[in-house]
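A.B. asks: Here it is, the structure in full.
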Ligand SMILES: [Mn+2]
């Protein structure tokens, strides 16, 4: 048996204010279309089941066109079974509002229940805050897959799942791929989201492919339509905007143009560096689907440089450095003051 394990698709989620309205809509459609791409992959690789470990939707209220699109995809692919539990975001509303549940959509309840495929037992439970671990009784001779939603450091207690004959615990909730051991027999895994939405979901995103014969082989498959990249650039020692831009382009050289990039400027820069972050952001937006520049760099001030500076700038810097301001605030006050003197926007 071959299974895809996915979770946290968060379909129809708002995509934040970073993107233009047009691109927000486009990304929403891309996120939805991922489910169709996933089914196409399943057909191509003879996958028997797609497990969705909760948070398939972002909220309990699902747009009718989204519901219908997903419902039809499931309904039109009867050779694939879909095992779906609800997560903390989507409650039960997708299934609750269906007049007929397609026979290949396997849904679960508030307590553990099992569906069997020969000696493979798929057990699932909808999200809750207090799982009834005592009601989870799995046969030692079966290959046992258990589907749950939650954080293993919070509502899911891995200790209570030890020695329960679990072979694979298909988890959802954490948006980054990770895996670990439950006991001598079983492992748990989070596939992460299928596609990153914000820069807090950067890096490879995809699903887990399980091949089951006498044992379980698992493999992470990167699948996102676009990848988000969170890249640091140290600007210490750089002298002007062109310098920053060259270094940025060098650093981002290998990133495909359809991807999304956040460039974080870091390090310490000299007072005479004029950064032109908006111009840099514009230039990067021409190269990539979306780019954003976050300036986290700090001004480097050497008080000795201004000991004998008789200009207004020198006078200003000396008076701030000698003031009672907290050390952290001094550089910020100097930076804004200097920018004001240079008639720059603050
Ligand atoms: Mn969740």
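What follows draws every value from the coordinates through simple rules; no lab data is involved. As the structure is a computational prediction, the values presented were derived from the model and not from experiment. In this analysis, Cβ positions are derived from the backbone assuming ideal geometry, glycine residues included, and neighbour counts consider all displayed protein chains.
A.B. asks: Compare 170, 121, 83 in a GNM of the chain, Cα atoms joined below 10 Å, and give the one with the largest fluctuation.
C.D. replies: Its mean-square fluctuation being the largest, the pick is 121.
A.B. asks: Determine the distance separating the Cα centre of the stretch 268-329 from the Cα centre of the stretch 66-133; give it in Å without decimals.
C.D. replies: 54 Å
A.B. asks: While we're looking at this one, here's another question. Can you give the three extents of the C-alpha atoms in the stretch 124-164 along their principal axes, from longest to shortest, in whole Å?
C.D. replies: Cα spread of the stretch 124-164 along its principal axes, largest to smallest: 30, 19, 15 Å.
A.B. asks: Round to the nearest 0.05 the FRET efficiency obtained for residue 18 and residue 183 when R0 = 45 Å and r is the Cβ-Cβ distance.
C.D. replies: Values: r = 43 Å, r/R0 = 0.95.
Approximately 0.60, to the nearest 0.05.
A.B. asks: Something else now. For the stretch 58-97, just list the percent of Cα-Cα distances falling in each 10 Å bin from zero outward, please.
C.D. replies: Distribution as computed: 28, 55, 17 percent.
A.B. asks: I've got another one for you. Just to be sure I understand: with springs between alpha-carbon atoms less than 10 Å apart, which residue in 21, 158, 321 has the highest mean-square fluctuation in the Gaussian network model of the chain?
C.D. replies: Sorting by GNM fluctuation, first place goes to 321.
A.B. asks: Give, in nm to one decimal, the length gained when the segment between residue 160 and residue 333 is fully stretched (0.36 nm per residue of separation minus the Cα-Cα distance).
C.D. replies: Result: 56.8 nm gained on full extension.
A.B. asks: In addition: For the stretch 1-146, what percent of Cα pairs sit more than 23 Å apart?
C.D. replies: 38 percent
A.B. asks: Estimate the FRET efficiency between residue 246 and residue 25 by the formula 1/(1 + (r/R0)^6), using the beta-carbon distance for r and 51 Å for R0, to the nearest 0.05. Kindly include the intermediate steps, with their values, before the conclusion.
C.D. replies: On the way: r = 35 Å, r/R0 = 0.68.
The value I calculate is 0.90.
A.B. asks: Test of understanding: extend the Cα→C-beta vector of residue 130 to 7 Å, then name every residue of the stretch 141-167 with backbone N under 16 Å from that spot.
C.D. replies: Under cut-off, by backbone N: 155-157.
A.B. asks: Once the Cα gyration tensor of the stretch 110-178 is diagonalised, what are the square roots of 5 times its eigenvalues, in whole Å and ordered largest first, as equivalent ellipsoid semi-axes?
C.D. replies: Working: eigenvalues 76, 34, 26 Å².
Working from the Cα gyration tensor, I get semi-axes of 20, 13, 11 Å.
A.B. asks: Highest GNM mean-square fluctuation, the chain, Cα pairs closer than 10 Å: which of 218, 260, 332?
C.D. replies: Judging by the Gaussian network model, the answer is 332.
A.B. asks: Of all the Cα-Cα pairs you can form in the stretch 228-341, what percent are over 17 Å apart?
C.D. replies: Tail of P(r) above 17 Å: 58 percent of Cα pairs.
A.B. asks: Any idea what angle helix 64-75 forms with the longest principal axis of the chain, computed on alpha-carbon atoms, 0 to 90 degrees, nearest 10?
C.D. replies: On a 0 to 90 degree scale, this one is about 50.
A.B. asks: Something else about it: Quick one: angle between helix 327-341 and the longest Cα principal axis of the chain, in degrees between 0 and 90, rounded to 10, please.
C.D. replies: For helix 327-341, the angle is close to 60 degrees.
A.B. asks: Okay, moving on. Kindly state, as a whole number, the per residue volume in cubic angstrom of the convex hull around the alpha carbon atoms of the chain.
C.D. replies: 180 Å³
A.B. asks: Nearest 10 degrees is fine. How inclined is helix 241-251 to the longest principal axis of the chain, computing both from alpha carbons?
C.D. replies: 30 degrees
A.B. asks: As an exercise, use a Förster radius of 25 Å and the Cβ-Cβ distance of residue 68 and residue 213 to find the FRET efficiency, rounded to the nearest 0.05.
C.D. replies: Efficiency for this residue pair is about 0.10.
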